[in-house]
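All of the numbers you see were taken from the coordinates with simple rules; none came from a lab. None of the values given here were measured: they were computed from a predicted structure. We place every Cβ from the backbone using ideal geometry, glycine too, and count neighbours over all the protein chains shown.
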Amino acid sequence: MTMNLVRAYGDTTGDGMVQLSFTLPVPAGPRAEAAAALFAAKMGLDPAMVVHAKAVGPDFTFFVVYGRSGVIVDLDEVEVHEREFPLLTAKEINLEVRSMLGRRLVVVGATVGTDAHTVGLDAILNVKGFAGEKGLEYYRELRVVNLGAQVDPAHLVERAVAEQADALLVSQVVTQRDAHLHHVRLVAEELAAGWPATTPRPLVVVGGPRFEPRMAAELGVDRIFAKGTTPREVASYLVHALAQRRVAA
Amino acid sequence: MTDTVRRNLLRLDQRTVRRARALAERAAAPVIELARTHTTTSVERAVLRLAGLTGADAEGIPWVNRLVDAVAADVGLGHGVALPVWHELRRGGHTDLAALAQKAAAGGVAFAVPEGRERQSAVTASRRAVARGIATIDRNRKTRDRLLRKLGDPPKPWIYLIVATGDIHEDIPQAQAAAREGADVIAVIRSTGQSLLDYVPEGATREGFAGTYATQENFRLMRAALDDVSAELGRYVRLTNYASGLCMPEIATLAGLERLDMMLNDCMYGIIFRDINPRRTFIDQRFSRQIHARAGIVINTGEDNYLTTADAVDAAHTVVVSQLLNERFGLEAGLQDWQLGLGHAFEINPALPEQFRLELAHAQLVRELFPNAPLKYMPPTKHMTGNVFFGYLLDAFFNLAGVMTDQSILLVGMMTEGIVTPFLSDRDLALENVRYVRDACAGLAEDFRPAPDGFVATRARQVLAESVELLERIADDGLFTAIADGTFGVTRRPADGGRGADGVVAHADDYLNPATELLEATA
């Protein structure tokens, strides 16, 4: 058996040295420093050295601590959770679209039914974006049609047909009486009924804070994204899923 | 602040500078003409707010929205709301605007446009009502001037810090703490998506998405809290919010009524980044700037944003072009040079060789082009990574560039930018960074003398030349065409696209806006 056990590395193999910083809601002084040392000790650092303590206003103290952690990780136990698609850069996404489609990829987005919350939709679609990432409008090879809030599912599908959409983005924030699930099912039904049989159906991507990603198949959609999803993840997924579909076809 | 750095260190050709300004004026002219001859739903709602109409119905929709919608449904907005509203107020014997709005919302009023003597009495009554709002704005400006004299105005660069918890009652202690730690300007960032709401929420709010709603009551609460801490510190702490989005004119008005000190107010930001209709935006920004001019508010423009989408080297000249346009639109609306907080940013990829010299060239160019403007310099965001240690270093270089080129307002860069909402300690460390650079390099601007044909001066002259080239194209093709072509922030926005287009109305011959009249009469 090969030994795959590792400790944190400071400057010597096996020394277990780590560094961390944190703030405690305690006025600066000897009591605060002792509290920081105890805090670090309870995190498993032994010894724990409080190397820096600084008052942040009258009620808080900021600390930098160095210490030895006894934690050992067996690399054989490490599980890598990989998303089913690679995360691409904006440039790579644009290139992929161009070489795959030879035209711009059309995304039609809306919040459907009674839901008036466009926060999530706009975070993904608006150039302004989310979490430091630009929205889908920023990608040269994506054409975004943002229908906004409270769109009727039938109307969404009509527009998707008219725009020859490659993907529908449906955002749902309100979850009263499972409205979000109901609305998404309606979109799937309308799409099945209203999409011309001669052309491939667009991908249906759903987003919202209360969705369970594993429910995609049950709701009749291709992918569900949960809270914290960034525009680049959505764009990367679209490119990946459309490529997969072409391979299958 | 030394005058030496604002002298012509870069050897800019002053004829080229004048040509750039003349081109900006030519490009802006047709847009200004459009703004002078059109109104929007939000401009009309701002008129009602100046006349004192506040409050909202049970669904949270403000009475100003209900009243403007009712007038629009009966007689359209081409005459302005003032004529039909004050005519009805007198004719119907309503006790006040709120009573009229409630009745109108219930469908119990038929508005008409008065003529002859009836028109004259509506004109007089509406002027009187709106003048009361303008008087409040004037009083607030006097109060600010008095407090600045009494408490003292902090030296530049002003340190600008953002708070945003979503809950105004959490924001207040955080803002006060930030002021105690050295912030000269507090900005309360708005809830995500407020710019796309076509109404201004009412009251004190405790829940927002990644920010706090801009409401009149939130403005009042925060200004009062900062007045307290200003008195405690012996230094006037300024308050900033965002006059942008579909309600730009109303938010500008509320800022004037509640003595905010600076407002984000860009001529094109909403178009590019929020897909708001271009015409709507330009009409709204003119009215907003007339209010800001009157209120003594410093505006901050948003050129920094272009560099988050476009490349900061390739697109450097688009920043200068936008600054010249913002300057032109601002001056036309009555703002003075000291109120033009033109924006720019430190966003060049740090992996690029000579990145810092390029940044110095851009920052010094802007400083010399706008010697009397309180320039707002924005820290790196695009190239901040999870490596907070490197981010801290990059922020120090940003602070250094700001001090060397004598920038006026420094937004405090956070090493956790784009990673997590800043911790209390992140903000403290960031302020320590600014203080160190500002104190250690105090007066360094005096010693910064770029060689006349060196890298910095040459690069600055090149950016100016590219700006003139682009301005020539815009002046010839028209600003709307340039925006539709994706000139700014690489985003294409056609003139008839975007949100809020249906809220734009051409003036009828008898259009009346008592607010614009009063603001222009004394401008």
Q. Tell me, how many Å apart are the Cα centres for region A:201-248 and for region A:147-171?
A. 15 Å
Q. What FRET efficiency do you get for A:A162 and B:R492 if R0 is 22 Å and r is their Cβ-Cβ distance, rounded to the nearest 0.05?
A. 0.65
(Q) If neighbour count is taken as other Cβ atoms inside 10 Å, put A:R210, B:R220 in order from fewest to most. (A) A:R210, B:R220
Q.
Two decimals, Cα atoms only, Kirkwood Rh: what is Rg/Rh over the protein assembly as shown?
A. 0.98
Q: Two decimals is fine: what's Rg over Rh for region B:1-153, C-alpha atoms, Kirkwood radius as Rh?
A: 1.18
Q. Out of residues 5 or more away from B:L197 or on other chains, whose amide H comes under 5 Å of its own, with H placed 1.01 Å from N in the peptide plane?
A. B:L246
Q.
What are the ³J(HN,Hα) couplings of region A:206-213, residue after residue, when phi is run through the Karplus curve with 6.51, -1.76, 1.60 and θ = phi - 60°? Round to Hz, x for glycine and proline.
A. 10, x, x, x, 10, 8, 9, x
**Q.** Antiparallel bridge percentage (DSSP; both residues within chain B; nearest 5)
**A.** 15 percent
(Q) Output wanted: per-residue J couplings in Hz (rounded whole) for region B:384-392, from phi through Karplus 6.51 cos²θ - 1.76 cosθ + 1.60, θ = phi - 60°, x for Gly and Pro. (A) 8, 10, x, 7, 5, 5, 5, x, 5
Q) Can you give the net charge of the other residues whose Cβ lies under 10 Å from the Cβ of B:T212, counting K and R as +1 and D and E as -1? A) -2
Q: Evaluate E = 1/(1 + (r/R0)^6) for A:R245 and A:Q150, where r is the Cβ-Cβ distance and R0 equals 41 Å; express this FRET efficiency to the nearest 0.05.
A: 0.85
Q: Quick one: net charge around B:G80, please, counting Lys, Arg +1 and Asp, Glu -1 for every other residue with C-beta under 11 Å from its C-beta.
A: -3
Q) Expressed in nm to one decimal, what extension gain is obtained for the pair B:R132 and B:R21 from 0.36 nm per residue of sequence separation less their Cα-Cα distance? A) 36.3 nm
Q.
Quick query: amide H of B:L352 versus all other amide H atoms, modeled in the peptide plane; which residues come in under 5 Å with a sequence gap of 5 or more or a different chain?
A. none
Q) Each label point is 7 Å from the Cα along the Cα-to-Cβ direction; what then is the distance between the points at B:E207 and A:R98, in nm? A) 4.5 nm
**Q.** Tilt relative to chain A, helix A:231-248 - C-alpha long axis, 0 to 90 degrees, to 10
**A.** 50 degrees
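As a test, work out the antiparallel percent of DSSP beta bridges whose residues both lie in region A:90-248, rounded to the nearest 5.
Within region A:90-248, antiparallel bridges account for around 5 percent of the total.
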**Q.** Where Cα atoms sit under 25 Å apart: lysine pairs in chain B separated by 8 or more or lying on different chains
**A.** 4
Q) Just the Cα atoms of region A:5-75, one point each, no solvent: what log10 I(q)/I(0) does Debye give at q = 0.20, 0.29 Å⁻¹? A) -0.75, -1.21
Q | Per-residue average of Cβ from other chains inside 10 Å of A:126-135 | A | 6
Q: Can you run the Rg to Rh ratio on chain B? Use alpha carbon positions and the Kirkwood inverse-distance Rh.
A: 0.98
Q) Can you work out D for chain A in µm² s⁻¹ from Stokes-Einstein, where Rh is the Kirkwood radius over C-alpha pairs, the temperature is 37 °C and the viscosity is 0.692 mPa s? A) 152 µm²/s
Q | Virtual spin-label span in nm between B:D476 and A:E77, 7 Å along Cα→Cβ | A | 7.1 nm
Q: Please turn the phi angles of region B:33-39 into ³J(HN,Hα) values with the Karplus equation 6.51 cos²θ - 1.76 cosθ + 1.60 (θ = phi - 60°), one per residue in order, whole Hz, x for glycine and proline.
A: 4, 4, 5, 6, 10, 10, 10
Q.
Let's test the formula: R0 of 45 Å, r as the Cβ-Cβ distance of B:T37 and A:K227. What FRET efficiency results, to the nearest 0.05?
A. 0.45
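Averaged over its residues, how many other protein chain Cβ atoms are within 10 Å of peptide B:425-433's Cβ atoms?
3
For the protein assembly as shown, what proportion of DSSP beta bridges, expressed in % and rounded to the nearest 5, is antiparallel? Let's see the in-between values first.
Values: 24 of 67 bridges.
Roughly 35 percent of the beta bridges in the protein assembly as shown run antiparallel, per DSSP.
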Q.
With loop defined by DSSP as not H, G, I, E or B, and exposure as at most 15 other Cβ atoms within 10 Å, which is the longest segment of chain B clear of exposed GluC sites (Glu not before Pro)?
A. B:355-523
**Q.** Ordering of B:286-293, A:73-80, A:88-95 by burial proxy (mean other Cβ atoms within 10 Å per residue, highest first)
**A.** B:286-293, A:88-95, A:73-80
